[in-house]
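> Dropping a structure here in structure tokens format, bear with me for questions.
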Amino acid sequence: MSSQRDANPNEPTASGKAPGIKPATPSGAENSARKILRFSDLARCGDEVWIEYENKLYRLQSTRQGKLILTK
């Protein structure tokens, strides 16, 4: 038996919006489209993603405890 208490508030609703997630937006960007990416979609077959940002390489990995770690 499932109740609303069991629902994850950060899971997207039927409309695809995640009510508990409010990404930070720069001033004046409130009307721009927000992009929400699931880590599982990024990592697909693993538990890590490598990200290049301003010619530097970062590693984003998930832990067994369900946390994310970003390292340079």
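> Give, as a single signed number, the net charge of other residues whose beta carbon lies under 12 Å from the beta carbon of Arg59, with Lys and Arg counted +1 and Asp and Glu -1.
Values: positive: Lys56, Lys72; negative: Asp47, Glu48, Glu52.
Local net charge: -1.
> How long is the gain from Ala33 to Tyr58 if the chain were fully straight, where each residue apart is worth 0.36 nm and the alpha carbon distance is subtracted? Mind showing how you got there, number by number?
Numbers: separation 25, 0.36 × 25 = 9.00 nm, distance 2.51 nm.
My answer for the length gained is 6.5 nm.
> Amide H neighbours of Asp47 under 5 Å, counting only residues 5+ apart in sequence or on other chains, H built in-plane at 1.01 Å?
Correct list: empty.
> Quick check: residue separation of Ile69 and Arg44 times 0.36 nm, minus the Cα distance between them. What number comes out in nm? Write down the numbers at each step before the final one.
Details: separation 25, 0.36 × 25 = 9.00 nm, distance 1.70 nm.
Length gained, Ile69 through Arg44: 7.3 nm.
Each value in this text was obtained by applying a stated rule to the coordinates, not by laboratory testing. This is a predicted model, so every value here is computed, not measured. Cβ sites come from the backbone with ideal geometry, for glycine too, and all protein chains shown count toward neighbours.
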